[in-house]
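Peer 1: Sharing a structure with you now.
Only the coordinates and a few stated rules stand behind these numbers; no lab work does. None of the values given here were measured: they were computed from a predicted structure.
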Amino acid sequence: MVKLCVLCNENRAMIKRPKTGQQICQQCFFYVFETEIHNTIIDNNLFKRGERVAIGASGGKDSTVLAHVLKTLNERYDYGCELFLLSVDEGITGYRDDSLETVKRNQQQYELPLKIVSYADLYGWSMDEIVQEVGRKNNCTFCGVFRRQALDRGAVMLGVDHIVTGHNADDIAETILMNIFRGDVARLGRCTEIFTQGESMIRRSKPFKYTYEKEIVMYAYFKKLDYFSTECIYSPNAYRGHARTFLKDLESIRPSAIIDIIHSGEAFEIKSDIKMPTQKTCERCGYMSSNTICKACMMLEGLNKGLPQLGIGRETTRTRRQLSDATNNEETEQQRTTRKTVQHFSKIERDTTIAPIKPRDPSLVNTPPPRVPTHILDDSTKSEKKDLSW
């Protein structure tokens, strides 16, 4: 017997929503998916009329769907925002170079200006070079710190007021679990905020905060969006992967576990007598930091000295003290010219001429096929093993 959509009661149900369990048709799914994101934007006053907004674009499903939905909602509900695409080229051969081709195609498909900033230009190191120096154990720490600052630097070049990222409900729940496992009280208190506070100079927000990853994949699949579906070649050893595996096991037992974890994080409160880090400004690059030297400058110094582990673990405090002393002391002209440093934020100039970036010939790019959502309806899959590969 054909099951009808529980919302319109007219069309055949094609999708079972992971979040609610409702069996709905394709058109109703598009409507509720976009409307929920619109309600998140309105309820939290994410945008202001006339605001310049940069969409963090990696070419993956989250950022591609985010760009498509924001452009659609901006036109449908007249947010009055000027949208841009902002990408970071970490310098990962066989991954980022191919995924950026997807971003370049999205630039043409959505008719949005695109700005690409690279680790090599900003820091003098590509991610491939960092991995050769560091190894695969702590490379994600370097990438995360550098990317966070690279987005802000790109935002200053674009002259935008706001950055939106494609972090979804699964990502936020994983971050909460990671901070609990590590006992990181400072980050645990703010990782559930829809606005990123204390880690960025530019206002950031996460419109997908309550959106399940599976629904994002479904939306991209049924809308036939152009996105890059391969994971980073350096991510298998990342600490986040363990939190993701644990979360997917929980979700297979209780689908609402993701939202439940987020609500638990939102209810988290820190006692007033707990000492929290105070916001400072990095003495070298002018970026926000809880110390005199920011994490990016500290890691960059370790790379330049051939001691990449200086900025990680037990050596962190001593290294910051040494770098601060070196900054305050007079340097010779030779030391000043040979030391690789990032440009000070106050000296970043706005890029007023953003020319379209043409993608390469698709036949020369490794573009894997999009992920096909499995178990969309559970008519005949109740006895089969749950799909935990998302």
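Peer 1: So in the chain, what percent of DSSP beta bridges are antiparallel if you round to the nearest 5? Before the final figure, lay out each step's value.
Peer 2: Working: 7 of 23 bridges.
The antiparallel proportion sits near 30 percent.
Peer 1: Going down the table (3/206; 48/209; 48/271; 224/358; 61/115; 104/214), which pairs top 23 Å between alpha carbons?
Peer 2: 3/206; 48/271; 104/214
Peer 1: Would you grab the residues whose amide H sits under 5 Å from the one on residue 163? Only those 5+ places off in sequence or on another chain, please, with H modelled 1.01 Å from N.
Peer 2: Close amide H contacts, sequence-distant or interchain: 54, 203, 204, 205.
Peer 1: Can you tell me the 0 to 90 degree angle between the C-alpha axis of helix 169-182 and the longest principal axis of the chain, rounded to 10?
Peer 2: That works out to roughly 50 degrees.
Peer 1: Report the antiparallel proportion of the DSSP beta bridges in the stretch 1-99 as a percent, rounded to a multiple of 5.
Peer 2: In the stretch 1-99, approximately 40 percent of DSSP beta bridges are antiparallel ones.
Peer 1: I've got another one for you. Just want to confirm a number: the relative contact order over the stretch 54-112, from Cα pairs under 8 angstrom separated by 6+ residues, in percent.
Peer 2: 43
Peer 1: I would also like to ask the following. Can you give the calculated 222 nm mean residue ellipticity of the chain, where each DSSP H run of n ≥ 4 adds -39,500 (n - 2.57) and the sum is split over every residue, rounded to the nearest 500 deg cm²/dmol?
Peer 2: Dividing the helical sum by the residues of the chain leaves -13000 deg cm²/dmol.
Peer 1: Suppose we keep just the alpha-carbon trace of the chain; what are its Rg and Dmax in angstrom?
Peer 2: Looking at the chain, its Cα Rg and Dmax stand at 22.1, 82 Å.
Peer 1: Next up: If you build a Gaussian network model of the chain, linking Cα atoms that sit under 10 Å apart, which residue out of 256, 346, 229 swings the most?
Peer 2: Comparing 256, 346, 229 in a Gaussian network model of the chain, the most mobile one is 346.
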